[in-house]
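Shown next, in structure tokens, is the structure this report addresses.
The values are calculated or read from the model by the stated rules, or taken from the named source; none is laboratory data. Everything numeric in this text was worked out from a predicted model, so none of it was measured. Quick reminder, even Gly has a Cβ in these numbers, built from the backbone with ideal geometry, and neighbours come from all protein chains shown.
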Amino acid sequence: MDKLKLYIIGFLVAIIAIAAGIIYKWGFWMLVRIVLSLGFLGLTLMLGFFLALTLYAESWKYAGLLVIPTALSAYATYLTITWQKLKVVGGIILLFAFGLVFGIWYISEPDLSLTDRFRSAESLERAGKYKAAARKYEKKGNYLKAAEMYEKLGWMESAAWAYEKAEKYEKAAEIYEQLYEKEKDTYYLKEAHEYWKKAGNMERAAKALERYAEEEPWFWEDVAKLYEELGNEEKARKAWEKALEYYKGEAQEEGVFWEDVGNIARKLGMEELAREAYQKFLEYCLKEAENDPMWWKHVAEAYEYLGEKDKAEEARKKYEEYRQRIIKSNEETSNFPEEKGSQ
């Protein structure tokens, strides 16, 4: 058992012991008196703090709302300490309980006015209160109607969210494509791609991702794979070619990307380019392996690409030797000698 649990148990035991002691010494009603006094005192201090805060901020509206409950709580504190007018105390408790329930109910629909809360979604829709109607439809689980309300409001992202909840993924995808046309933010194309996939329309999903890749070129490989799944070899090849161009550019900055260049070039039947790329990838890996033996694994892969199996095996052995050293080192550091006092 950890210390926190012990502290909690100890605290609870102490509280129970104190309560039992009070009952034994002065009776049950003394315990009630103390609990109510402390409870109202704490509530008064809390309300008083927030009242002072709102007054300091010159928020007169909220200060006015806090004055009465603070005064009532302070009065109840006095009555419970002096143990008089218990019916009044009971009334104050009921009043605070009602206020708590009302507050929770009010917070549950913060966007609705007090009168709108008692109207149906259909009534609010007819009155042109689309925001309130949308919230009501959401609460009823009618996300399709909620989406329609959001569209009337022009809240297109909220409409897309509601269509998703209604499992109308194609509508959500269409909205995100419209948002892209308006905002020119590629995020919307990525979302459209995801929703077209959910809708099962892989052709539209591929088109959306293709448009996305025009802005974010590292996705051309995903576009190519998607078109391959669709059996569209022509578009897949074009996407692979664009992915190749992207990786060639990246490889100029970071040599690790020569592997991707080689893989795509080989896929496209460009063997000469593939071999050249793998050779550059090998050179990069050999250089990295000088400082980090972990790279011998990739050196082996590069030799495999080039068909040099003996050298690949030699590199793989170096990687395995390094790996065994690491394993042995970890075992040694984990086997600490026992202290004499623990024997």
Based on what the data block shows, is GLU157 surrounded by 19 or more Cβ atoms within 10 Å (Cβ to Cβ), part of a helix (DSSP H, G or I) and in contact (Cβ under 8 Å) with a residue 12 or more places away in the chain? no
When you check THR54 against the structure, is it touching a residue at least 40 places away in the same chain (Cβ under 8 Å) and either more than 21 Å from GLU151 (Cα to Cα) or assigned to a helix (DSSP H, G or I) (or both), yes or no? no
When you scan region 151-159, do you find a residue that is closer than 24 Å to PHE219 by Cβ and among the aromatic types (Phe, Trp, Tyr), even just one? no
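One line per residue, one yes/no per condition, for (1) outside any helix (DSSP H, G or I); (2) surrounded by 17 or more Cβ atoms within 10 Å (Cβ to Cβ); (3) not small (Gly, Ala, Ser):
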position	(1), (2), (3)
LEU72	no, yes, yes
TYR75	no, no, yes
LEU79	no, yes, yes
GLN84	yes, no, yes
VAL101	no, no, yes
ILE104	no, no, yes
SER113	yes, no, no
GLU122	no, no, yes
GLU125	no, yes, yes
For region 115-133, does any single residue satisfy the condition of being of a type in the set (Val, Ile, Thr) and under 26 Å from ILE104 (Cα atoms)? yes
Is it true that LYS129 is surrounded by fewer than 21 Cβ atoms within 10 Å (Cβ to Cβ) and at pLDDT 95 or above? no
